[in-house]
1. Which one of these does A:ALA188 not meet: (1) in a loop (DSSP other than H, G, I, E, B); (2) crowded, with 24+ Cβ neighbours inside 10 Å?
2. How many residues, within segment A:281-298, are more than 9 Å from chain C (Cβ to nearest Cβ), out of contact with any Cys (no Cβ under 7 Å at 6 or more places or on another chain) and either part of a helix (DSSP H, G or I) or of a type in the set (Gly, Ala, Ser) (or both)?
3. A:MET88 passes all but one of (1) in contact with a helix residue (DSSP H, G or I) (Cβ under 9 Å, 6 or more places away or on another chain); (2) part of a strand (DSSP E or B); which number fails?
4. Counting residues that are under 21 Å from B:TYR44 (Cα atoms), in contact (Cβ under 8 Å) with a residue 12 or more places away in the chain and of a type in the set (S, T, N, Q), which helices (runs of 4 or more DSSP H) fully inside segment B:183-293 reach at least 1?
5. Could you check, for segment B:193-212, whether at least one of its residues is within 12 Å of another protein chain (Cβ to nearest Cβ), surrounded by fewer than 21 Cβ atoms within 10 Å (Cβ to Cβ), farther than 18 Å from C:SER101 by Cβ and touching a helix residue (DSSP H, G or I) at 6+ places or on another chain (Cβ under 8 Å)?
6. Exactly one of these conditions fails for C:SER75: (1) touching an Asp or Glu at 6+ places or on another chain (Cβ under 7 Å); (2) surrounded by fewer than 17 Cβ atoms within 10 Å (Cβ to Cβ). Give me its number.
7. Every residue in segment C:177-206 that is away from every other protein chain (no Cβ under 13 Å), part of a helix (DSSP H, G or I) and more than 26 Å from C:CYS58 (Cβ to Cβ), please.
Amino acid sequence: MINAPAPLLDVRDLTVTINRDGKLVTALDKVSFFVNPGEVLGIVGESGAGKSITGAAIIDLLVPPLKRTGGTITLAGTRLDQLSPKAMRSVRGGRIGFVFQDPMTSLNPVITIGQQLCDTIQAHLKLGGNQTKKRALDWLDRVGLPNPDVQFKRYPHQLSGGMRQRVVIALALCADPALVIADEPTTALDVSVQAHILELLRDLHRESNVSMMLITHDLGVIAKMADRVAVLYAGRVAEISPVGELFNAPKHPYTRGLIRATPMPSATGEMRLDQIPGAMPGLGAVPPGCAFNPRCFRAEGDCRATIPPLYHEESSAFSCFHPLERVTA
Amino acid sequence: MTPVVNTPAAGPVRRSRGAKLLRAMRRAPGPTLCAIVIIALLIYAFVVPLFSLNPFEFSGMSVLDSFIPPAWMADGSPDFPLGTDDQGRNLITAMAYGMRTSIIVGFLSVTIGLVLGGSLGLIAGFVGGKVDAFIMRVADVQLAYPALLLAMIIDGAARAVLGTERSVGTAIAIVVMSIGIAFWVQYARTIRSSVMIERDQDYVSAARITGRSNLSIIVLHILPNVMAPVLVIATINLGIAIITEATLSFLGIGIPVTSPSLGTLIRNGNNFLQSGEWWISVWPCLILVLFVVSVNILGDHLRDVYNPRLRGRS
Amino acid sequence: MSASDFLILNHVSKVYRRNQSLLERLKKNETGGTKAVSDVSLTVHHGETMGLVGESGCGKSTLARLVSGLMAPTSGEISFPPNAFGNKPRLQMIFQDPYSSLNGRWTIEDIIAEPIRVHKLRNGRTAVRARVDELLVQVGLSAADAEKYPQEFSGGQRQRICIARALAGEPEFLILDEPTSALDVSVQAQILNLLRDLQKNLHLTSLFITHNLSVVRIMADRIGVMYLGELVEEATSEELFHKPRHPYTRLLIDAAPDMDTSDRSLHPIAGELPNPAFPPSGCRFHTRCPFAQDICRNTVPPQKATETGGMFRCHFDLDLSNASIFPPAAKVKTA
């Protein structure tokens, strides 16, 4: 990665622990990745893998007993992990926008959506009243709400789920952030609405060239949206690869297992479903060595003894002693 | 636990009941202390009367020993560590008897409130519709009256019906009933709202599809799941019921003097508070406060532990 | 009615009455309420798995509750033609949420034994326990799990327990309401494979409800597609995916993103899901349909039978066999 541009977001050895009755349990174990300017990094994993914790840790929104205990987070040269809470507040919503899974809980139910937009714009951009309102209306239009003038005065509960998520996206983007973290932005939505929201995210991404971290459990969403993908397993990075490589020639056995376990028609329309035995270990129950070793068909002695480091190979990186050969998956 | 294929992510290791209790106690020293206080007071109230004569029957009285202050004061006597009352009763024995009555009355009235309110709440929550509306409106009307006033009204009505000639047992029964009835609403409301949540859970649907009758669904499935919050309320209400009984007795309409409760003792001692014999009312007061506060703290703690929102998902 | 008919739904509707205010009731204003299921007719044959797909608010879960008898239809009838024994078939249901579908105060043994005891399928404690152990092994757990409580299991394991409980009732008919929607991908695959094995070995007739087209494609022999309370298309699994007849089916198939990274186009369905309480007039899909014409706005489309035994509700006989026939930009109404 010598010629690569300087990454916008650089996360190194991010570690998050949970204090459980005085016992420290590792939720995120030395997670490292970066996001290039204008890039969409997909973060995929099953529930409990640490995807959402990663997103929350970057903007310092971890809820106790979760606590960041190590690692560095650098956004365009600024060490976010060293910022004061006050400085962090201006980064949040300003330089980093956030789209949550549930649009109902991420909007204030007693304030009109127009006012919420204006508040966010004013907090980060210091514009005059008229300009603020103009910008808010403009954003409502950009995210595809019909009749922005009417919608401006409406309350969140008066909108459908899809429309609410559009407002949340407007809120995340209205202050011209450098990075947007979208945590399961379409999981709460129906299939037909999901495609709308994904299309909107893609369009806005193309227009503004904002970098994006797209956190999801849905490999279909990843395949359509991400440029590069980080696969998390039990709080560790299993593999980071460009999206085409990840789906067509995965390195980590878990990645391939996940892809094959997803019920999807293949190109020939034939359906197959290969399960991974067992289940992901819970917090604090991660086996020694590679976290995936009890479920892995390639596991050997070294996998049970040592945690495999992240090997870099061309454009991808994987944490496995016995990676899959580069053949078609 | 035997190793199991296919279940590597099995739940937490199971601990024995004793170990669990010990762990819970270490985590909450305050409530543990309260539990110890409660147990000590229970032993005091139920064991002391076994070894001493009832001072409220004439044989146990000795007027010569009246108004003796606690042992450490000038006129104190080592025979009566906490002093004696106007009739020469040893306060330690008297309070044990009083405490016993208080606890029995409190426990019985809570049970009556629980059974009455619990069944009405179950019916209201499970049946719903007009039955629910009727029961809950009655509850609303009752809530418009202060519980103490209501207990006094019921007590008065029972006296009017049964006449003034009545045994100690009847008097206690009347007090128990009036306090129990005065407090059913809270149980009914709590149970009703829990039942309405549980009623729509899928495990109830599964039992219904399997062919269980409504009655067996209520008894076998719903009841065990709604009892925890109610038992917590019952614990807290035990304190309130004891206080209510003490208030009734203090006002002179509760338990007859021949079988006194803590309230009766306090009322009696109140007569001498002005003349310097403070110990006659202060000791029963303290012991009442100690018991009720302990019960409340324990109840609060149980409520936190059994918070339905935290329950189940470990 | 043929001999192989197992379950027949005849013009079944279910109306959820809105909680009316006192004033509305005094005015005797019959507002009608939400028609969650509207005039659904469907036949399930012996030994087949009937799939039902649709988005939220399409009435698929209500239909499951109607068939299971948890709810009574407002109109229409649901009947199980008498089988050889002349009894109503035993049915069991598997629910979406593996947390709320198990009574947390009961041991796994009691949970699984409940249908056995209610239906008196085994007599005596040891026989019941032996059957419970057998079922636990059958669903991939172990006999030692019988003494535990539901809280000690993960979501996937709980769903296995639910399956064991359903099988304990020795059902002739199994209703599965989104059985894997709450589970992670790798666990979902395990449960689907387990269910597929059971289908094969036990010759169950079942109704499989899900919002996930890929899942239903794997599991079902025939599939019904629902939209706003109506059954808009019904066909064999094979045919539905290769030659859908209703525009909604086609659009729904295309809307879910697949894992093909070479074609990254997205195919949203125009517009939003209308409020099920106020469905559009005429064809309920006309507000989002690229083929909509005047007739669709005013006239309810008839149910048309296909030559292969399927059904669809559309005014037109469209050829929709090519994937992505509408480029995303072409939201213009085709005349």
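1. All conditions pass for A:ALA188, except number (2).
2. Number satisfying all stated conditions: 4.
3. That leaves (2) as the condition not met.
4. Qualifying helices (runs of 4 or more DSSP H): B:223-250, B:262-273.
5. No, the conditions are met nowhere in segment B:193-212.
6. Going through (1) touching an Asp or Glu at 6+ places or on another chain (Cβ under 7 Å); (2) surrounded by fewer than 17 Cβ atoms within 10 Å (Cβ to Cβ) one by one, C:SER75 breaks only (1).
7. Passing the criteria: C:LEU198, C:LYS200, C:ASN201, C:LEU202.
Matching residues to (1) within 20 Å of the chain's Cα centre (by Cα); (2) among the small types (Gly, Ala, Ser); (3) closer than 30 Å to C:ALA166 by Cα:
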| residue | (1), (2), (3) |
| --- | --- |
| C:LEU204 | yes, no, yes |
| C:LEU207 | yes, no, yes |
| C:LEU231 | yes, no, yes |
| C:SER237 | yes, yes, yes |
| C:LEU266 | no, no, no |
| C:PRO274 | no, no, no |
| C:PHE278 | no, no, no |
| C:THR287 | no, no, no |
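The values are calculated or read from the model by the stated rules, or taken from the named source; none is laboratory data. What you are looking at is a predicted structure, and each value in this text was computed from that prediction instead of being measured. Cβ: placed from backbone, ideal geometry, glycine included. Neighbour counts: every protein chain shown.
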